[in-house]
Amino acid sequence: MRQGIGLLALACASFGAALGHATVIDAPAVNDTAILAGMPRSLSEYGFFIDGARQMPGERVTPYALNTPLWSDGAEKLRFIYLPEGTRLEADGDGLLQFPVGAAIIKTFAFGEGAERRLIETRVLLHRADGWTALPYRWNAEQTDATLALAGGRIDLVTPAGEAISYAIPNKNQCKACHSKDGVVIPIGPKSRNLSAEWLGQMAQRGALDTVPQGADLMPEWNDHAASPAAPLARAYLDVNCAHCHQPGGGASNSGLDLRWEQDSAHAIGIMKRPVAAGRGAGGHDFSILPGAPDKSILLYRMDSVEGGIAMPEIGKASVDREGSAVVRRWIMEMQQR
Amino acid sequence: MKRLVLAAALLCTATPIAAEIHKIAPGDEAATRLQEALILAAPGDEIVLGAGRFVLTDGLSLDVDGVTLRGAGPALTILDFTTQQGAGEGLLVTSDNVTLRDFAVENPKGDGIKSKGADNIVYYRVRVTWTGGPLATNGAYGIYPVESTGVLVSHSEVSGASDAGIYVGQSSKITVRNSIATDNVAGIEIENSRDAIVTQNYVTRNTGGILVFDLPGLPVMGGGNVLITNNLVAGNNTPNFAPPGNIVAGVPRGTGIMVMANEQVWIEDNVVFDNPTAPFMVVSYTQAYDDARYNPFPREVVIANNVVDAGADDPEFPGGAALLAAFGGMLPPIMWDGLQQDSQTPALLTKPGTPGWSLNLSRQGQSLAEAQPGPLDVPAYGQPWAMDGIGASAELEARLK
């Protein structure tokens, strides 16, 4: 069973359990006003969760998962979509689902397993009449609520890989640094190509999505990465982890590197492409990707670094994604040498 | 009638009335207070930094139009990034009509101040310094406007950048003036940009002084219409400390003013001395490329009247010593690679009688080993082309008052 469906089933089960205990008679409705204006001080004001600490979603708050997710120091991510009553998502080919005004996308970052799990932060994307607004919330030590962290923050923690890091909660502008195209805030994750056909089918069946589009579920399932062909995995990984900046209109457009899934120019995705503004990020190498030579490829050099001015992505990571790096290494290694 | 006038007056003054001043002092939680102010500012607001040292562990960013960020002076208000842990630059600006003035940025891990897609930006009395001097571990660019229309850099200072001190890329309507660039790989670099004026700067102790480049494979190409006048470009003899792989890593130590590709660059009334590889260098893009939109040749680069010494006495070229001997111990001041687009489009024009030399290469991308050095023979320049409207607009100038 795919993770997304599992989550959905789990959420329904939890919801039922909560009702069964009669601790919640009527699930409190989501606060649509909070989504549409202002900057609520605490996450609980939105009413996205029946039980925040347990991440138990409220009415019309649906969990989802991505085939290939963005890696953030190994954080566990709990993703939800909220749709106001009487609205639905609309598919746009294999690209980003179109959200109605009043919708929200909620993503909670957690570290630790089972009883040890700590919620660190929840990021919300709110679809308002004038566009999307991104806000970060930081969970308190008691795990009872999360408060607005406009200026971001840092927290020391240990990653699942066992590395002690200073984890950075992004500030509001840094949210936009990734979630922006042509200066406008947009969602990144929920693209049809990176969502399971099953989840999309369920949403369509419920009337929460107009149709399951052509091109859905194209991207490979990251969890199978050890046994899957490198090229589609690597391209999916680079699309999800890098292309929000590295595309025309993105934050790193001036580099000329375009790592989108749909980009088919070898030069644009970095093959035999010389650096422009890489500085010491080039690591003494001449090309973003030198086919057959991962150790002479700037792209991998920067993925494998955690040093400011060298490390890529520039924000949202304090340790190296060994699995992601291994897949990209395999992909470059398999390329025909020139 | 009265009411109409009142309404008109209200309309005219609406913005100034709304503008607020937010004062931020250094000290406890200064980084959070400052970043919050940068986020919550309204268009037209001014954020005023107190004198002192702001210790910052993360990059700052500004995404609100029309904001002024002002310190107490480049020696007094210091944004200290020595212990920076994240972000690609010290300060990132992504909004239009921003004014940055009277503060310093020290030791950012990546670039100093980057403004991207930030039209009509002013940098005034801004200092970016890597305090350890020229080191390969320093960040790439000090002052770094890119993909912007309308850039004014004035009375600013950058030292220690491992790429370019003041770098303007993929932009237009640019003025860089009255500024100091020392101890960088490139002092001032105008790259893939148009309608730029570089004037009255002091550019010394860099690897190369002033570079005007146009590179392939970028969203914005076709650099040109650049005016380089009244600069002091002296003693640029710092060994190249750029990390290998970058285009400036190929700039020889001792380069004064260098043009690579571009159309119409006018170089006049500069004082250029003690640049021991080449006071002036005009070349085509040196590497192989695959980009049909790109023109690798310089077109109509004019080296007019300049005050220049006898030339280069310690060139950093392979075979430089032999070359020097062949020219009697001194390479004449202008160096050209001998390449041009076609015979109708001269790469270089100079004042008749100005001594120079050519590598006499015959094709773009050719190895220097195949050079056949000889004296320079290029046409004389004529009337300047129309340069109306180049440089930053008067509106940007007006903000300095």
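The values are calculated or read from the model by the stated rules, or taken from the named source; none is laboratory data. Since the model is a prediction, treat every value here as computed from it, not as a measurement. Reconstructed Cβ throughout: ideal geometry from the backbone, glycine too, with neighbour counts over all protein chains shown.
Might you let me know whether the range B:94-114 holds any residue that is in contact (Cβ under 8 Å) with a residue 40 or more places away in the chain and of a type in the set (Val, Ile, Thr)?
yes
Quick check on my filter: what residues within the range B:62-91 are within 9 Å of chain A (Cβ to nearest Cβ), at pLDDT 95 or above and within 20 Å of B:ALA161 (Cβ to Cβ)?
Matches in the range B:62-91: B:PHE81 only.
Among the residues in the range A:259-273, are any within 11 Å of chain B (Cβ to nearest Cβ) and among the charged types (D, E, K, R)?
To start, the set of residues in the range A:259-273 that are within 11 Å of chain B (Cβ to nearest Cβ) comprises A:265-268, A:270-273.
With among the charged types (D, E, K, R) added as a condition, the list becomes A:273.
Looking through the range A:259-273, at least one residue is within 11 Å of chain B (Cβ to nearest Cβ) and among the charged types (D, E, K, R).
Give the range B:116-146 a look and list any residue that's among the hydrophobic types (A, V, I, L, M, F, W, C), touching a strand residue (DSSP E or B) at 6+ places or on another chain (Cβ under 8 Å) and facing chain A (nearest Cβ under 8 Å), or say none.
Residues satisfying the conditions are B:ALA140, B:VAL146.
Mind listing whichever residues of the range A:183-235 are in contact with a helix residue (DSSP H, G or I) (Cβ under 7 Å, 6 or more places away or on another chain), polar (S, T, N, Q) and not in a helix (DSSP H, G or I)?
Correct list: A:SER196, A:THR211.
Quick check: anything in the range A:163-170 in contact with a Pro (Cβ under 7 Å, 6 or more places away or on another chain) and at pLDDT below 95?
Yes.
Looking at the range B:180-199, can you tell me whether even one residue there is more than 21 Å from B:ARG125 (Cα to Cα), among the small types (Gly, Ala, Ser) and part of a loop (DSSP other than H, G, I, E, B)? If you could, list the steps in order and put the result at the bottom.
Taking the range B:180-199 first, the residues more than 21 Å from B:ARG125 (Cα to Cα) are B:185, B:191-195.
Now drop any that are not among the small types (Gly, Ala, Ser), which leaves B:193.
Narrowing the set further to residues that are part of a loop (DSSP other than H, G, I, E, B) leaves B:193.
Yes, the range B:180-199 contains at least one residue that is more than 21 Å from B:ARG125 (Cα to Cα), among the small types (Gly, Ala, Ser) and part of a loop (DSSP other than H, G, I, E, B).
Given the condition more than 10 Å from chain B (Cβ to nearest Cβ), in a loop (DSSP other than H, G, I, E, B), within 23 Å of the chain's Cα centre (by Cα) and farther than 22 Å from B:TYR141 by Cα, answer yes or no: does some residue in the range A:243-251 qualify?
yes
Kindly list, by first and then second residue, each pair from a residue in the range A:109-138 that is within 15 Å of A:ALA151 (Cα to Cα) to a residue that is among the acidic types (Asp, Glu), limited to pairs with Cβ atoms under 9 Å and residues at least 6 apart or on different chains.
Hits for this filter: A:PRO136/A:GLU121; A:TYR137/A:GLU121; A:TYR137/A:ASP145; A:ARG138/A:GLU121.
Output yes when any residue across the range B:15-27 is modelled with pLDDT of 95 or more, within 29 Å of A:GLY38 (Cβ to Cβ) and within 13 Å of chain A (Cβ to nearest Cβ), and no when none is.
Yes, some residue in the range B:15-27 is modelled with pLDDT of 95 or more, within 29 Å of A:GLY38 (Cβ to Cβ) and within 13 Å of chain A (Cβ to nearest Cβ).
Does the range B:236-249 contain any residue that is more than 14 Å from chain A (Cβ to nearest Cβ) and either touching a Leu at 6+ places or on another chain (Cβ under 6 Å) or assigned to a strand (DSSP E or B) (or both)?
No, the range B:236-249 has no match at all.
Filter the range A:84-110 down to the residues that are over 27 Å from A:GLY316 (Cα atoms) and among the aliphatic types (A, V, I, L, M), then identify the one that is surrounded by the fewest Cβ atoms within 10 Å (Cβ to Cβ).
Ranking the qualifying residues of the range A:84-110, first place goes to A:VAL101.
For the range B:303-318, indicate whether the set of residues that are farther than 19 Å from B:GLY235 by Cα, modelled with pLDDT of 95 or more, buried (at least 20 other Cβ atoms within 10 Å of the Cβ) and away from chain A (no Cβ under 14 Å) is non-empty.
yes
Given A:ILE186, A:ILE169, A:ILE165, which one is of a type in the set (A, V, I, L, M, F, W, C), away from every other protein chain (no Cβ under 11 Å) and on the phi < 0 side of the Ramachandran plot?
The conditions single out A:ILE186.
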